[in-house]
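These notes are about the structure you will find just below.
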Amino acid sequence: MKKYPIKSPAHQSNFLRKRIAKNRSRAAFVGVVYLFALFALAAAVCFPMLSAEAAAGGVTEFWKAFLPKNIKAINFRDGGDVLQFVNVVLYALTLLILLISVLRALGKLNWLFKRKASKTYGFNRNRYAMESLGKTFGGCFAWVINVNLFAYALCPDAKIRLLLLIVLGGGVLVALFCNVLGAKVSYFDIEAGGKIVEQARPVGRGVPFVRNLIQLCVAFGGAYVFLRANTLDSYLSPLLAKGAMKGYFLNDLVSYIPMVLQFFSLLFIMILIKHATGIAEYSHDGADGAGMKTFRVVTFLLFLTAAGTAVLRYVLGEACFAQYAGGFVKMINKGADYNSTILAGVALVSFIIEVAMRKLPRERFDTNKTAVYSVGEEKPAEVDVESLLFTAGDEVEDADIKSMLFSMPETIESMGEKELSCPYCGQRLRVDGTSRKYRCPSCEQIINL
């Protein structure tokens, strides 16, 4: 444990007050950046990001698809009509998700700027609010990108608008900046015996940043390569046509396996984007944090589906369709698929990197910042932090930390540390060695040396 010798309770009080204020300010700043980025994302979603006949037309146009006359006009045997309706539904769901997320984010402002300690959450509500805003922004950003990726993969004539590129670049920069900066914010624990312990980040941020950067390149680079190999946009209309199941599908199931594998590849790429734009890689627990295995597992699955697509297209061929005389003609297209091969290679290399870095970042040292005080024979007026914090109510002003936490006798000394065990409760203590009597902060018994 890294020790920070404090010469007096007043010095320790001032030190803790500054540390709490500094971490609160950092959390508030990062949370505000997340919030404004979420506002910008919600505003951008109001405009179309793709140019396609079946794409949603923006906030001023999408609602027309839900008019009764337009719903009745949908031909569910026509792939274009079905795809347009699906895209409009996804767009409406996106607007709803962004609206709810913005309202929830605004509800976190109370905690984000809180200057009081809570009996349940201590001094950590600012950090919790920052993390919540980070998860909200990351989830909404990934959802917007994935919805547009899905629409682009299924619309044959889709083209990317400049707005989507701006959202993509801006969202990635915000995620990287805020995730790295927010990972520095500490936790503050109140332990038995009246100690406030700062749980500073025990691992570095360099390795998570590098790994997250690699993940972003793999996720978005993989999406680009996948779209070059994608043929999903050619299947919807033929398979929805009358008699397609019997005439096209059931008589030759093997030739449709590459289509199924492509669909799963698209799903896995969406999961990779969701993970890469989130905050999981910057967990306070380092390699033991929740979700740290996600990218590793999904890249391996992506390798299997992409490699399977490439092999089957080369060995057995893939069903493809050409429009002829008001219908469709099925053909088997066989040949080398270099794009799927590249995608499989990228996924495999990423999986190997993830396995090699699975134990990183390692905990370099214990960064807990503690100060333990011995007290004289007379019990000080206020020692138990938990009882002091909350006897007057559920919350306490931060400005009163100095007066409330460290109103110890002026005769207290903290020179010449040594360690001992309490003979009554077994608690390990670090005492200053200048007094003949100490009071155990755990059982409050007097220890005579």
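The values are calculated or read from the model by the stated rules, or taken from the named source; none is laboratory data. The structure presented is a predicted model; accordingly, all values stated were derived computationally and were not measured. Because the Cβ atoms are built from the backbone with ideal geometry, glycine has one as well, and the counts that use them run over all protein chains shown. Surface areas here come from the heavy atoms of the whole protein model, side chains and all, with no ligands, DNA or RNA. Shrake-Rupley method; radii C 1.70, N 1.55, O 1.52, S 1.80 Å.
Some observations on this one:
- All positions within the range 328-346 that are touching a helix residue (DSSP H, G or I) at 6+ places or on another chain (Cβ under 9 Å), in a strand (DSSP E or B) and either modelled with pLDDT of 85 or more or not β-branched (Val, Ile, Thr) (or both): PHE328, LYS330, ASN333
- Close Cβ contacts (under 6 Å, 6 or more residues apart or on different chains) running from residues in the range 331-343 that are under 19 Å from CYS217 (Cβ atoms) to residues that are among the basic types (Lys, Arg) and open to solvent by 90 Å² or more (accessible area, probe 1.4 Å) comprise ASN339/ARG228.
- Contacts under 7 angstrom Cβ, first residue in the range 283-308 being more than 29 Å from MET130 (Cα to Cα), partner among the aliphatic types (A, V, I, L, M) and open to solvent by 30 Å² or more (accessible area, probe 1.4 Å), 6 or more apart: PHE303/LEU348; THR305/LEU261; GLY308/LEU261
- Output for the range 74-85, where each listed residue is out of contact with any helix residue (DSSP H, G or I) (no Cβ under 8 Å at 6 or more places or on another chain) and either open to solvent by 60 Å² or more (accessible area, probe 1.4 Å) or of a type in the set (S, T, N, Q) (or both): none
- Residue within the range 305-318 that is of a type outside the set (Val, Ile, Thr), open to solvent by 60 Å² or more (accessible area, probe 1.4 Å) and outside any helix (DSSP H, G or I) present: yes
- Index of the failed condition, VAL88 passing every other in (1) within 24 Å of ALA44 (Cβ to Cβ); (2) of a type in the set (Val, Ile, Thr); (3) loosely packed, with under 14 Cβ neighbours inside 10 Å; (4) over 19 Å from the mean Cα position of the chain (by Cα): (3)
- Selection within the range 205-217 - out of contact with any Asp or Glu (no Cβ under 8 Å at 6 or more places or on another chain) and open to solvent by less than 20 Å² (accessible area, probe 1.4 Å): LEU216
- Checking each residue of the range 124-140 against the condition of being part of a helix (DSSP H, G or I) and under 15 Å from CYS46 (Cα atoms) gives at least one match.
- Within the range 150-163, tally of residues that are part of a helix (DSSP H, G or I), open to solvent by 20 Å² or more (accessible area, probe 1.4 Å) and touching a Leu at 6+ places or on another chain (Cβ under 9 Å): 3
- Within the range 101-118, not a single residue is over 24 Å from VAL45 (Cα atoms), open to solvent by 60 Å² or more (accessible area, probe 1.4 Å) and among the hydroxyl-bearing types (Ser, Thr, Tyr).
Per-residue answers, yes or no, for (1) acidic (Asp, Glu); (2) over 25 Å from the mean Cα position of the chain (by Cα); (3) more than 30 Å from ARG24 (Cα to Cα):
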| site | (1), (2), (3) |
| --- | --- |
| ASP78 | yes, yes, yes |
| ALA92 | no, no, yes |
| ILE97 | no, no, no |
| VAL102 | no, no, no |
| THR120 | no, no, no |
| GLU131 | yes, no, no |
| PHE137 | no, no, no |
| CYS155 | no, yes, yes |
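- Any hit, the range 117-131, residues being modelled with pLDDT under 90, touching a Lys or Arg at 6+ places or on another chain (Cβ under 9 Å) and more than 26 Å from ASP288 (Cα to Cα): yes
- Residue match in the range 350-368 (condition: over 30 Å from VAL180 (Cβ atoms), at pLDDT 90 or above, part of a helix (DSSP H, G or I) and touching a Ser or Thr at 6+ places or on another chain (Cβ under 7 Å)): no
- Of the residues LEU261, LEU250, LEU236, the single one that is without any contact (Cβ under 8 Å) to a residue 12 or more places away in the chain and either closer than 30 Å to ASP157 by Cα or open to solvent by less than 50 Å² (accessible area, probe 1.4 Å) (or both) is LEU250.
Yes/no per residue for (1) surrounded by 15 or more Cβ atoms within 10 Å (Cβ to Cβ); (2) modelled with pLDDT under 80; (3) among the aromatic types (Phe, Trp, Tyr):
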| site | (1), (2), (3) |
| --- | --- |
| MET1 | no, yes, no |
| GLN12 | yes, yes, no |
| LEU38 | yes, no, no |
| LEU50 | yes, no, no |
| PHE62 | yes, no, yes |
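To keep it simple, each residue is scored yes or no on (1) at pLDDT below 90; (2) more than 30 Å from ILE20 (Cα to Cα); (3) touching a Lys or Arg at 6+ places or on another chain (Cβ under 7 Å).
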{"residue": "LEU164", "(1), (2), (3)": "no, yes, no"}
{"residue": "ALA192", "(1), (2), (3)": "yes, no, no"}
{"residue": "ARG201", "(1), (2), (3)": "yes, no, yes"}
{"residue": "VAL210", "(1), (2), (3)": "no, no, no"}
{"residue": "SER237", "(1), (2), (3)": "yes, yes, no"}
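- The residues listed here are ASN148, ASN179; of these, the one that is touching a helix residue (DSSP H, G or I) at 6+ places or on another chain (Cβ under 9 Å) and closer than 19 Å to ALA52 by Cα is ASN148.
- Check on LYS274, of a type in the set (D, E, K, R), open to solvent by 20 Å² or more (accessible area, probe 1.4 Å) and more than 30 Å from GLN323 (Cα to Cα): yes
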